[in-house]
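Any read-out appearing in this document is the output of simple, stated calculations on the displayed coordinates, not a laboratory observation. From a predicted model like this one, the values you see are computed outputs, not experimental measurements. Ideal geometry is used to build each Cβ from the backbone, glycine not excepted, and the neighbour counts take in all protein chains shown.
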């Protein structure tokens, strides 16, 4: 496990992945993860031949388009007390990078 200023990157060999969790991400900042993986000599798996990198991410309470809801009106016939709340989420599509 690598600790990167309150962010954690963890190797998950069962998923063939390095999972990087970023707790807070302020605007106008950049984060970078540089990782190197070496296979142990006694492993029975063959070394990979540079497979593509797959990236998935989501950023809660942020819209990359800049779209914001300014007005929300709820019509409830039973006078149920409603809470007006909008959840914004930005999610990645499918990204594959080849090195």
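Could you list 44, 84 so that the one with the fewest beta carbons within 10 Å of its beta carbon is first and the one with the most is last?
44, 84
How would 22, 55 line up from fewest to most surrounding beta-carbon atoms within 10 angstrom?
55, 22
What's the FRET efficiency of residue 41 with residue 20 using the Cβ-Cβ distance as r and R₀ = 35 Å, to the nearest 0.05?
It comes to 0.85.
Can you compute the modelled spin-label distance between residue 12 and residue 59, with each label point 7 Å from Cα toward Cβ, in nm?
In this crude label model, residue 12 to residue 59 measures out at 2.2 nm.
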